[in-house]
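Structure first, then comments.
Computed from the coordinates by the stated procedures, all read-outs in this text should not be read as laboratory data. Remember, it's a predicted structure, so these values are computed and weren't measured experimentally. Methodologically, a virtual Cβ is constructed for each residue, glycine included, from the backbone with ideal geometry; neighbour enumeration extends over all protein chains shown.
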Amino acid sequence: MIPTHSSWLAAHGKLWYDDKWYRLAWLISPQALIAVLVLLFWAASPSEKSLPWAKPVDPALRDKQLAALRDSAKTDRQAMDKLEREARGGDMAAQFYFGTLFDPSIHFSTIVQPDVTQAADWYARAAAQGNDSAEGNLALFYSDGRFVRLDYTRACFYARKLGANSYAPALRVKGDCYARGLGGMPVDLAQAAEAYEVAASKGNTRAEASLGYFYETGVGGKPRDFATALKLYRAAADKGDSLGLHNLGFAYNSGSLGLQRDGGEAARLILQALENKYDVTLQSLTSRPELWSFDFWQSLQHRLAERGIYAGPIDGRASPATLDAVRRLGTRS
């Protein structure tokens, strides 16, 4: 006869109250089961216990992989789609590299047309997560004004975050922000000098010329050192930088920085700055012509005449005809 549920409960109740060992077995059996399971886990093979939950990501390797994927994405639609998925997934490096495919300043992609709005959007997403390269590119975008409206507030917002490992041109922007107090930034010549020095050490010509001024005047924590200033101006001028050409030209004009006065050499350098459409040079010549020597004006008139821009006398005077020729050469069309 099969015992009913009620008869089982009755038997269980009798044993519970009459047999202390029966009660003890019921109390300890759950704990015993747990202990057995723990022992079984630890008795598992070492290879199973040592399996890692997840392998840590190597940021440098990850960046290298995404850079290679971007390089493929320049011409490969499947690679571009994969990079886009990574970017939309929130990876800041992928967002930066995806943005470069649309950047009109570098023309990477043969699949999509340059699109500054797309580039700036993806750079901004990456910059919001602290991507230094994206911050640098945005600083350049907004300080250059070629592809977006010139906006020093945005340019300096991104530039001030840049570290020493950033692109040299972006660090030069950081120097400008602090040196000139652009975009609401406080003027901080020490910060400016530091940014220019790092950018100059990486070969940025405008930073070299800007740093030269700090050594010429002894500001921003730099010693007054004419030899270093001259070296920096000359290095920038030799590479065609307008500020370097202007400052070196003025040094020859005035005989400063240990140079002997040479109006002809001054005119040669200043003419190059005018051909570069450098507004500082144009403003200096037209608003303060008395700062420039007779020899300088005479040599400049001769050079302007050779280019067919000036037809007046070579008399060393900053006459209206001479200044008109200067304006025509130095004004952007």
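For residue 153 and residue 106, what does the FRET efficiency come to when R0 = 22 Å and r is the distance between their Cβ atoms, rounded to the nearest 0.05? Present the calculation step by step, with values, prior to reporting the outcome.
Numbers: r = 24 Å, r/R0 = 1.11.
About 0.35, to the nearest 0.05.
For the cross-link pairs 161/277; 174/239; 161/222; 74/277; 74/239, which exceed 29 Å when the distance is taken from alpha carbon to alpha carbon? Can you show the working numbers first?
Numbers: 161/277 31 Å; 174/239 21 Å; 161/222 23 Å; 74/277 35 Å; 74/239 31 Å.
Among 161/277; 174/239; 161/222; 74/277; 74/239, the Cα-Cα distance tops 29 Å for 161/277; 74/277; 74/239.
With the crude spin-label approximation of a point 7 Å out along Cα→Cβ, what separation in nm comes out for residue 219 versus residue 161?
The modelled label-to-label distance comes out at 2.9 nm.
Full-extension gain between residue 85 and residue 283, please, as 0.36 nm times their residue separation minus the C-alpha to C-alpha distance.
Working: separation 198, 0.36 × 198 = 71.28 nm, distance 5.09 nm.
Roughly 66.2 nm would be gained on extension.
Evaluate E = 1/(1 + (r/R0)^6) for residue 327 and residue 71, where r is the Cβ-Cβ distance and R0 equals 56 Å; express this FRET efficiency to the nearest 0.05.
Numbers: r = 46 Å, r/R0 = 0.83.
In this case the efficiency is close to 0.75.
Let's see if you can work this out: charge +1 on each Lys and Arg Cβ, -1 on each Asp and Glu Cβ, no other charges. What is the dipole magnitude of the range 77-178 about its Cα centre, in debye to the nearest 20?
Details: 12 positive and 12 negative charges, 28 e Å.
The dipole magnitude comes to about 140 debye.
Expressed in nm to one decimal, what extension gain is obtained for the pair residue 276 and residue 129 from 0.36 nm per residue of sequence separation less their Cα-Cα distance? Mind dumping the intermediate values first?
On the way: separation 147, 0.36 × 147 = 52.92 nm, distance 3.81 nm.
Gain on stretching residue 276 to residue 129: 49.1 nm.
Mind listing the Cα extents of the range 278-333 along all three principal axes, in Å, largest one first?
Largest first, the range 278-333 extends 25, 24, 15 Å along its Cα principal axes.
Which whole-Hz couplings ³J(HN,Hα) result when phi for each residue of the range 199-215 is put into the Karplus expression 6.51 cos²θ - 1.76 cosθ + 1.60, θ = phi - 60°, listed in order with x for Gly and Pro?
5, 5, 5, 9, x, 6, 5, 5, 5, 4, 5, 5, 5, x, 4, 5, 6
What FRET efficiency, computed as 1/(1 + (r/R0)^6) with R0 = 35 Å and r the Cβ-Cβ distance, is obtained for residue 60 and residue 238, rounded to the nearest 0.05? Please list the in-between numbers first.
Numbers: r = 36 Å, r/R0 = 1.02.
E between residue 60 and residue 238, to the nearest 0.05, is 0.45.
Under a cut-off of 17 Å between alpha-carbon atoms, report the aspartates and glutamates in cross-link reach of residue 202, not counting same-chain residues fewer than 8 places apart.
Within reach: 132, 176, 194, 238, 241.
So if I restrict to the alpha-carbon atoms in the range 188-309, what is the Rg, and what is Dmax, the biggest pairwise distance, in Å?
14.6, 46
Roughly how far apart, in whole Å, are the Cα centres of the range 151-189 and the range 243-297?
Cα centres, the range 151-189 to the range 243-297: 28 Å.
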